[in-house]
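The values are calculated or read from the model by the stated rules, or taken from the named source; none is laboratory data. Everything numeric here is computed off the predicted structure, so don't read it as measured data. Every residue, glycine among them, receives a Cβ derived from its backbone with ideal geometry; neighbour counts consider all protein chains shown. When the accessible area is computed, the model is the full protein with side chains, heavy atoms only, and any ligands, DNA or RNA have been set aside. Shrake-Rupley method; radii C 1.70, N 1.55, O 1.52, S 1.80 Å.
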Amino acid sequence: MIATSHIENRAVEQTRMTPSEKPSSEIVCLVDDDPLVLRSTGLLLASDGFAVRPFNKGEDFIAYVASHEVPLVVLDIWMEEMTGLEVLARLCAISPQTNVIVITGREDSAARITAMQIGTVAFLIKPFDAAQFLEVVHRALGHPPASPSKKPSLSLP
């Protein structure tokens, strides 16, 4: 069982209740120690039809990956206990097929270079554009490009 705060539990409940235009069986894992980012990014993904599995600790995500197939993870690079780069190193060892989108609240060229050398799909600075983010998620999962008329209805912090 993953320990989460009251706010994160509400985010999970709201993510599960959010209707979507096209249900997807694809699970996107979301790893960030900021409950507001977990909630807003989780709701954005859910609004586009994804099932979201949020984690507020890298260790919990690594434990999950050890026994589950994960097609895509959106990973914060600067977290308190285990950094995103540490998570990324472990992930490459146990699940090299998992696609990774790195998100961060601050530009760090060394972290960007390291993450991109490891083979991440994208490196985004928060706050990022919702439409651009969803486009990157779809591309990471091998989906065809979305029609330009579809606009996400949620904004990110």
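Listed values, structure above:
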quantity: Gain upon complete extension [residue 64, residue 97; 0.36 nm per residue less C-alpha separation]; calculated: 10.4 nm
quantity: The stretch 85-134 shape via C-alpha gyration tensor axes, a/c threshold 1.5; calculated: oblate
quantity: Protection proxy ranking, peptides 26-38, 64-76, average beta carbon neighbours within 10 Å, highest first; calculated: 26-38, 64-76
quantity: Surface per residue (accessible, 1.4 Å probe) for the stretch 65-107, Å²; calculated: 47
